[in-house]
Amino acid sequence: MAGDKVVVLGTYVSMFSMRAQVALNEKGIEYEKKEEDLANKSPLFLEMNPVHKKIPVLIHNGKPVCESLIIVQYIDEVWHDKNPLLPSDPYQRAQARFWADFVDKKVYDCGRRIWATKGEEKEAAKKEFIGIMKTLEGELGNKPYFGGEDFGYVDVALIPFYCWFHAYENFGNFKTETECPKLVEWAKRCMQRESVSKSLADPHKIYEFVVSLKKKLGIE
Amino acid sequence: MAKEDVLLLDFWVSPFCSRVKIALAEKGVAYQQRGEDIFGGKSELFLKSNPIYQKVPVLLHDGKPMCESTNIVQYIDETWPSPPLLPSSAYDRARARFWADFIDKKLFDAGGNIWKTKGEDQAAAKKELIQILKYLEGGLGDKDYFGGDSFGFVDIIAIPLTNWFFAYEKFGNFKVEEECPKFAAWTKRCLGRESVAKTLPDPQQVFEFVSMMRKMHGIE
């Protein structure tokens, strides 16, 4: 759409910001990415998401959309003529929304517990994380993408976590590739898409970010 | 559509199941329902239909299962388009999904914190609930319903949770109507709809159920 102004308020490390970027890239939409300093929230940010005060926020022609999966659905509906992310069949859509919601409910919290805890708690978090990945692997099955033949909504929801795997693996002392080879194969397949590789952060930078965050939070 | 095509796995007091029932009633869709004993033995169909969370509601349409109430309501809206529950513009839909997500993340847990605690913890929980309702009042504005002139998606997501307010008020010793009159007025408006009035259990029965839960949790 000519004359569209699209802004993403996000952060470099946030897998949730990355979802919005992947979706916009899939649709070939030009946008401005504004890096938000969460320790010093900008007036624009607070105006655009007064309820949650969280990133990402998509601002389309001045109007804000919040919550990353809601943003992805919005992007899919507005720019519906290119690379549809959600299937057209209502039952398939319900399945896609279920699995994206599963990713939301499970992956971030569990991943966080791997790097933020020690000893038994860390071991439990690691086990749980591998369990979650195995469940997702089961859902993927033999399909190239969660969306089937085509990259889709659930792929967008999950792939940004891939750049955090290196950090989880370092702190948790495991390798996702050993435990869930099919899932890592899927992730590498997604990374071959420019929409994804342009959006995801460098895993080493994520690791460094977590190291400094742990220091800041006083977690050994 | 024949009654046997649509089956709801249900638990009588669950506000999440009520959402699905209200949506089906609004669309005039005939369905069967089967009560699940969520404290006792879960049926084989139930465990097979929702292996990930083992929670109600589950909607089976032509034998195909769907889980997570907000997801199910969207499916119902897409499968039986008339009358529409979600707005037609992508931006308004994003707003509707935002409020549904906010309600899902916050409301039931905040209420739970009121009946599960005492003293200072309970006072804090009450404050939180009131704050949430005030945010929702902001979302409602001067409109009759969250969607505008017509009862819709966000109203369906929210109204069953208000069915538990009588219990929260009794245990927390406060009145929602005094703190959030606009929200209380919206509640009364929705309760005037047949689909809502016929679906929601008697708040006194909900109170008795919550009393039983308190005993089970060892709270006097």
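Just so it is clear, none of the values below were taken in a lab; they were calculated from the coordinates. It should be emphasised that the depicted structure is a prediction, and the values quoted were computed from it without experimental measurement. Here the Cβ is made from the backbone with ideal geometry for all residues, glycine too, and neighbour counts use every protein chain on show.
Reported to the nearest whole Å, the Cα centre-to-centre distance from region A:1-79 to region B:78-142 is 22. Taking a span of 30 Å or more along the helix axis (Cα atoms) and a mean Kyte-Doolittle hydropathy of at least -0.5 as the rule, the DSSP H helices of chain B that qualify are B:119-140.
Full extension of the chain between B:Lys215 and B:Asp121 gives 32.0 nm of extra length, using 0.36 nm per residue less the Cα-Cα distance.
Which pairs, out of A:Lys175/B:Lys48; B:Lys21/B:Lys106; B:Lys106/B:Lys170, put more than 26 Å between their alpha-carbon atoms? In this structure, A:Lys175/B:Lys48 exceed 26 Å between Cα atoms. Identify which of A:Asp89, A:Asp76, A:Asp101 has the largest mean-square fluctuation in a Gaussian network model of chain A, with springs joining Cα atoms closer than 10 Å. Answer for the Gaussian network model of chain A: A:Asp89.
Counted by Cβ distance under 12 Å from A:Leu140, the other residues give a net charge of 0, where Lys and Arg count +1 and Asp and Glu count -1.
With a cut-off of at most 12 other beta carbons within 10 Å, and DSSP calling the residue loop, which trypsin sites (Lys or Arg not before Pro) in region A:1-77 qualify? Please list them. The partial results should precede the final answer.
Details: sites: A:Lys5, A:Arg19, A:Lys27, A:Lys33, A:Lys34, A:Lys41, A:Lys53, A:Lys54; in loops: A:Lys5, A:Lys27, A:Lys41, A:Lys53, A:Lys54.
Within region A:1-77, the qualifying trypsin sites (Lys or Arg not before Pro) (loop, at most 12 other Cβ atoms within 10 Å) are A:Lys5.
Each part gets one Cα centre, and for region A:157-220 versus region B:29-45 those centres are 40 Å apart.
Only sites in a loop by DSSP and with at most 15 other Cβ atoms within 10 Å count here; which GluC sites (Glu not before Pro) in region A:125-198 make the cut? Before the final figure, lay out each step's value.
Numbers: sites: A:Glu128, A:Glu137, A:Glu139, A:Glu149, A:Glu169, A:Glu177, A:Glu179, A:Glu185, A:Glu194; in loops: A:Glu149.
Here the sparse-neighbourhood loop sites are A:Glu149.
Considering helices alone, the calculated mean residue ellipticity of chain A at 222 nm is -18000 deg cm²/dmol, with DSSP H runs of length four and up weighted by -39500 (n - 2.57) and normalised per residue.
Positive end of the dipole of the protein assembly as shown (Cβ unit charges, origin at the Cα centre): among A:Phe174, B:Ile156, B:Thr79, the Cα lying farthest that way belongs to A:Phe174. From the cross-link list A:Lys106/B:Lys126; A:Lys54/B:Lys116; A:Lys33/A:Lys205; A:Lys105/B:Lys127, which pairs have alpha carbons spaced over 24 Å apart? Going by Cα-Cα distance, A:Lys106/B:Lys126; A:Lys54/B:Lys116; A:Lys105/B:Lys127 fall outside the 24 Å limit. Taking the DSSP beta bridges with both ends in region B:6-79, the antiparallel portion is around 65 percent. Straight-line cross-link reach from B:Lys143 at under 18 Å between alpha-carbon atoms covers these lysines, not counting any fewer than eight positions away in the same chain: B:Lys134, B:Lys182, B:Lys188.
Taking Cα centre as origin and charging only the Cβ of basic (Lys, Arg, +1) and acidic (Asp, Glu, -1) residues, the dipole magnitude of the protein assembly as shown rounds to 720 debye. Just how far, in whole angstrom, is region B:147-180 from region A:91-141 if you go by their alpha carbon centroids? Taking the Cα centre of region B:147-180 as reference, the centre of region A:91-141 is 32 Å away. The GluC sites (Glu not before Pro) of region A:1-71 that meet both conditions, a loop assignment by DSSP and at most 14 other Cβ atoms within 10 Å of the site Cβ, are A:Glu30.
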